[in-house]
Each structure stands twice: as structure tokens, then as C-alpha cells.
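Report on the following structure.
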Amino acid sequence: MKKYRAAVVGLGRMGSTIDEEVVGYPAIALPYSAAGACRASQRLELVAGADLDPAKQRAFAERWGVGAVYGDYREMIRQEVPDLVAICTRAENHAELALGVAEAGGVSMVFLEKAMACSMREADAILRAYQARNIAFNTGVLRRFDTRYHRARQRLAQGEIGELRTAVHHASSSLMHGHIHSVDTLLYLLGDLRALRVKGELRGELAAGPNRFDKDPQAVYQLQFPGRIEAWTVPTGHWDFEVWGTKGMLKGLNNGMDWVERLPLAAGRHTIYPEKPFENVPPYSATLYAFEDLVRAHEEGKPALGNVEITHHATEICLAVAQSHLEGGKWIDLPLQNRDLYVWHV
Ligand SMILES: NC(=O)c1ccc[n+]([C@@H]2O[C@H](COP(=O)([O-])OP(=O)(O)OC[C@H]3O[C@@H](n4cnc5c(N)ncnc54)[C@H](O)[C@@H]3O)[C@@H](O)[C@H]2O)c1
């Protein structure tokens, strides 16, 4: 089996060290970091890393036993000719680096950390560049790559709870850093439907300039899909997700660790919906799954599970929440007209 050459840009937490922060937390199956996932994969060989910070380069070389470390990622691509590049810098650099990696040529798979961009102007440029070059693409919205969520989506798709009606996320969260995860997971559970309209409110102190937010705001939102399907976030709870259908509901608790279903004891107005845990699947590293999914997409010539179109749509939903707030909480039809609205986030 062919092994592909993999390189990481941004050798900080997600690129290299984050596993040590979550050891013992059962909701996250290791490896979590990009370097750890490359190392764990049978299909990838970790060959190089790039970071502007020489101390990060040294630490990465020592931790992973990889001598090929660079300050300039373009130089790294020229010298090391990687097939897969994982971009694990902060979001304000994502567009510049995602475009730079695509334009460098020769890279056929890219994992870009979330959110893909800070504005739709940036996201549009990434979409065009990756579609034009047919580069397999995934982002770090890891629930989409988690086998426990796959099991839930499978049950939903099989009609277990009837026709899907409403999906709800529970947790207080920032708009771009956090809700890109909640939006993506709701889209995933609903079978990757595309939202028609978005309504939202930003909360707390807002660092706003003209057409931009310099701090990632806390946010709540409501989404509308074709067929009267809706999704909401409720700003309390612990990254729980629930989906209601015409027959019953399914719920993921404790950040995906526990799953229950509620189906009616009998049809009728006054029936009750007892809670029944359903058989779960053993956890598997979502980062590793995302990387292996890139290899599969590349080899089969098929879209990756979190492909650039899906990522672009989730980003557009988040930015439309900020636009809705700016317009007094009104519904924003997609596509978002204001392509330059900029929301800074990590
Ligand atoms: N998917 C997840 O669950 C998850 C978890 C944590 C972080 N993240 C995401 O990962 C990204 C990185 O976050 P972090 O906490 O690891 O950040 P970090 O600050 O620890 O690491 C970022 C690194 O990028 C380097 N860098 C910046 N510009 C560069 C450039 N042009 N070339 C090379 N290196 C450059 C910095 O020097 C730094 O070492 C963020 O987008 C964050 O949202 C995702």
C-alpha cells in the first residue's frame, strides 16, 4: 500500500502538542494532534514541519524525531514535496496559507484547521483554488470524523426517528471558534442539508470596527432548511446534540460519549417517550479518520467527508449570524451578500 508524505504547518498545540492536554478525557480518542495522526496512520509518513518560531521547530523535531523543519512553509514544500499538508496555524493565517499551499503545486490533500477563514471573501478564494486544482480537503470540525457521530447519522438516515424536523445544539460558545463545530455537526446530522436562512444574536462585549469584529463574539443562532426543517443552538449544556423527527428523537450527551433514543410507547397525543441508550461504537481518533478520509478521497477521486463546499457553507452560516446581529436580528437569506464582513478568531 502506498504511503503518502505528510507535513505540518504551524507546530503549536493542534499541530504537535495538544494530546497531552486531553489525556484521560474519554470524549476525545487520541491521537488528537495533526502530527500524532500522521504518525499513527498506516498510509502516511510524517516527513516535515514548518513554523515561524525556531523554538517550535526545535520542539517538533525533538518530539517527533523529524529533522526536516523549516521557517518558510513554501521552502518546506519545495524541498520535501509532501502529498498531504496539515495547516494548523490560527485562523487569521488560514486563507493566506491555504492559498499558498494550493498554489505551490504538487500537494494533493490538505487538512486546514477551523474555521477555514475570517470572511467569505477569503473563503470564496479558497473554494475556487481547491475546486480548480481538485485538492482533497477537510477541516478540523472533528465530530464529523468521529465514528460515534457516524453511528448517529446512520440511524437518522435509516428513518429510526421518522422524518427529520429539528436539530438542537446545547452549549454556550463563541461564534467562529466554537460554533463552526456546532453548525458543522448539525449539518452533518441532518445529512448535509444546505441552510436557506440564518438568524442570530451576538452576546457580551463586542469589539467591533467597520464591517469587522476584532474579537470572536459569543453567539446564538437559528437555521432554516428546505422542507420546514430547523436547527437551533441553546447557550447552555455540554456539547449535547439532539435531533427530533416525526416519530421520536435521538440525543448525544457528554460531548458524544453517550447516545440515547426516545421513541413513543404508543402513538397518540398523551404517550410518553422513554429514554433508551443505544449501542455505541468504540471511539476512534477523529483526526486520524479525517486524514485517512483525505487519502480515500484522493485515491477514489471522490469528495472528502468535510469537503471544501461543505466547509464553505458552514463558514457562511457562521458569518451570516454576525450579519443578522448587525441587522437587528433579522433573517439573512443565503448566500450572504456581505462577503467582506470579517470576524477574527483563533
Ligand atoms: N479541531 C480542534 O479540535 C482544535 C483544537 C485546538 C485548536 N484548533 C485550531 O487549530 C488552530 C491552531 O490553534 P493552536 O491552539 O494550535 O495555535 P498555536 O498558537 O498553539 O499554534 C499555531 C502555530 O502556528 C505558527 N504560525 C503562524 N503563522 C505561521 C506561518 N505563516 N507559517 C508557519 N507557522 C506559522 C505559530 O508560530 C504557532 O506556533 C486554530 O485555528 C484553532 O482553532 C482546533
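The values are calculated or read from the model by the stated rules, or taken from the named source; none is laboratory data. Quick caveat, the model's predicted, so the values are computed rather than measured. Cβ: placed from backbone, ideal geometry, glycine included. Neighbour counts: every protein chain shown.
Key figures
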quantity	calculated
Single residue of the stretch 29-41 satisfying the filter (within 14 Å of the ligand (Cβ to nearest atom) and part of a helix (DSSP H, G or I)) that is surrounded by the fewest Cβ atoms within 10 Å (Cβ to Cβ)	Gly36
Selection within the stretch 155-186 - part of a helix (DSSP H, G or I) and either within 16 Å of the ligand (Cβ to nearest atom) or free of Cβ contacts under 8 Å to residues at least 40 places away in the same chain (or both)	Ala157, His179, Ile180, His181, Ser182, Val183, Asp184, Thr185
Unmet requirement for Leu250, which otherwise passes all of (1) at negative phi; (2) surrounded by fewer than 19 Cβ atoms within 10 Å (Cβ to Cβ)	(2)
Filter result for Leu97 (within 21 Å of the chain's Cα centre (by Cα), farther than 21 Å from Arg144 by Cα and near the ligand (Cβ under 9 Å from one of its atoms))	yes
Condition met for Ala320 (at pLDDT below 95 and in the same structural domain as Arg203 (by TED's automatic domain parsing))	no
Single residue of the stretch 13-23 satisfying the filter (out of contact with any strand residue (DSSP E or B) (no Cβ under 9 Å at 6 or more places or on another chain) and modelled with pLDDT of 95 or more) that is farthest from the ligand (Cβ to nearest atom)	Glu20
Yes/no for Gly301 being of a type in the set (Gly, Ala, Ser), modelled with pLDDT of 95 or more and under 23 Å from Leu190 (Cβ atoms)	no
Within the stretch 56-108, considering residues that are assigned to a helix (DSSP H, G or I) and polar (S, T, N, Q), the one nearest to Glu122 (Cα to Cα)	Asn93
Which numbered condition Pro26 misses (of (1) loosely packed, with under 15 Cβ neighbours inside 10 Å; (2) within 20 Å of the chain's Cα centre (by Cα); (3) within 11 Å of the ligand (Cβ to nearest atom); (4) of a type outside the set (Asp, Glu))	(3)
Test: residue in the stretch 42-59 that is under 19 Å from Ala98 (Cβ atoms) and more than 14 Å from the ligand (Cβ to nearest atom)	no
Among the candidates Ala132, Ala152, Ala125, Ala136, residue that is outside the structural domain of Glu292 (by TED's automatic domain parsing), at pLDDT 95 or above, more than 16 Å from the ligand (Cβ to nearest atom) and hydrophobic (A, V, I, L, M, F, W, C)	Ala152
Every pair of residues 6+ apart whose Cβ atoms lie under 7 Å, when the first sits in the stretch 257-273 and is in the same structural domain as Val243 (by TED's automatic domain parsing) and without any contact (Cβ under 8 Å) to a residue 24 or more places away in the chain while the second is of a type in the set (Val, Ile, Thr) and loosely packed, with under 10 Cβ neighbours inside 10 Å	Leu265/Ile272
Residue that is nearest to Gln154 (Cα to Cα), among those in the stretch 191-204 that are in contact with a strand residue (DSSP E or B) (Cβ under 9 Å, 6 or more places away or on another chain) and surrounded by fewer than 22 Cβ atoms within 10 Å (Cβ to Cβ)	Gly191
